[in-house]
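> First the structure, then my questions, so here it is.
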Amino acid sequence: MIRLSKRMSKHLRHAPGEVGLTLDPAGWVELDEFARALRVTTDQVLEVVAANDKQRFAVVDGRIRASQGHTVDVALDLPVAEPPPVLFHGTVARFLPDILRDGLRPMRRHDVHLSATVETAVRVGARRGKPVVLEVDAAAMSAAGHEFRLSANGVWLTAAVPPNHLREH
Ligand code: HQG
């Protein structure tokens, strides 16, 4: 299941063409077509969707997409939402000098990914080593006109976080 989940993330976020798929502009693809391209059954795909720890995939009207994390060009069409006053970002110490100088940048993805809880940020940072958690002053950013969007699986997305709105937790 984890292996299939990783393949699904890969082809819905980064490399649809590698298995002959084309995503629509919002990142959706027909479930049947997706299962066929991955050489699994739609039931196997749906099992991963239902069991996924982070609810990474959304299925609506017979189509599937990744809820966040894309590097291919998609417009998720999420509405702008008012964030909680403080959000968190998990990273590692080796990135800190650049982050504190340039702010958080989306790097290869579409948006900077922020978490509502410290626990989630710790998990995100731990993917790369000993986690370091940054606090984002989302209230001040919002007041300054920065837009935030909430993915279907609870990840807060924004284009960038300037260094003056960041501090170590
Ligand atoms: C860092 C996973 C240098 C940033 C997670 C991060 C998340 C900078 C890395 C989702 C920087 C980018 C996204 C700057 C940011 N200079 N480094 N100015 N600005 N960085 O993977 O947030 O399991 O694109 O700190 O749970 O780690 O895939 O972003 O370390 O929700 O569903 O550059 O991916 O979700 O890495 O993770 P990523 P992320 P999934």
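Each row is one residue, and each column tells you yes or no for (1) at pLDDT 95 or above; (2) of a type in the set (A, V, I, L, M); (3) within 9 Å of the ligand (Cβ to nearest atom); (4) outside any loop (DSSP other than H, G, I, E, B).
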residue	(1), (2), (3), (4)
E119	yes, no, no, yes
G129	yes, no, no, no
V136	yes, yes, no, yes
A139	yes, yes, no, yes
N153	no, no, yes, no
L157	yes, yes, no, yes
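> For the range 34-45, indicate whether the set of residues that are within 16 Å of the ligand (Cβ to nearest atom) and either among the charged types (D, E, K, R) or under 13 Å from the mean Cα position of the chain (by Cα) (or both) is non-empty.
no
> On the basis of being modelled with pLDDT under 95 and either surrounded by 13 or more Cβ atoms within 10 Å (Cβ to Cβ) or not charged (D, E, K, R) (or both), does L76 make the cut?
yes
> In addition: Which residues, counting only those in the range 113-161, are charged (D, E, K, R) and either open to solvent by 70 Å² or more (accessible area, probe 1.4 Å) or touching a helix residue (DSSP H, G or I) at 6+ places or on another chain (Cβ under 8 Å) (or both)?
The answer is E119, R123, R127, R128, K130, D137, E147, R149.
> Which of the residues belonging to the range 78-112 are more than 11 Å from the ligand (Cβ to nearest atom), within 29 Å of A26 (Cβ to Cβ) and not in a loop (DSSP other than H, G, I, E, B)?
Listed by number, the residues that qualify are V80, L87.
> Further, regarding this structure: Quick one: how many residues across the range 28-60 are in a loop (DSSP other than H, G, I, E, B), in contact (Cβ under 8 Å) with a residue 24 or more places away in the chain and open to solvent by 80 Å² or more (accessible area, probe 1.4 Å)?
Going through the range 28-60 one residue at a time, the tally reaches 2.
> If G69 passes every condition in (1) open to solvent by 40 Å² or more (accessible area, probe 1.4 Å); (2) part of a loop (DSSP other than H, G, I, E, B); (3) within 15 Å of the ligand (Cβ to nearest atom) but one, which one does it miss?
Of everything listed in (1) open to solvent by 40 Å² or more (accessible area, probe 1.4 Å); (2) part of a loop (DSSP other than H, G, I, E, B); (3) within 15 Å of the ligand (Cβ to nearest atom), G69 misses just condition (1).
> Given the criterion away from the ligand (no atom under 16 Å from the Cβ) and either closer than 26 Å to R149 by Cβ or not acidic (D, E) (or both), identify the matching residue among V60, V49.
V60
> Also, quick follow-up: Before we move on, is R109 open to solvent by 70 Å² or more (accessible area, probe 1.4 Å), closer than 24 Å to S67 by Cβ and at pLDDT below 95?
Here the answer is yes, as R109 does meet what is asked.
The values are calculated or read from the model by the stated rules, or taken from the named source; none is laboratory data. Keep in mind it's a predicted model, so treat the numbers as computed, not measured. Every residue, glycine as well, gets a Cβ built from its backbone with ideal geometry; the counts of neighbours run over all protein chains shown. These area figures cover heavy atoms from the full protein model, side chains too; ligands, DNA and RNA do not enter into them. Shrake-Rupley method; radii C 1.70, N 1.55, O 1.52, S 1.80 Å.
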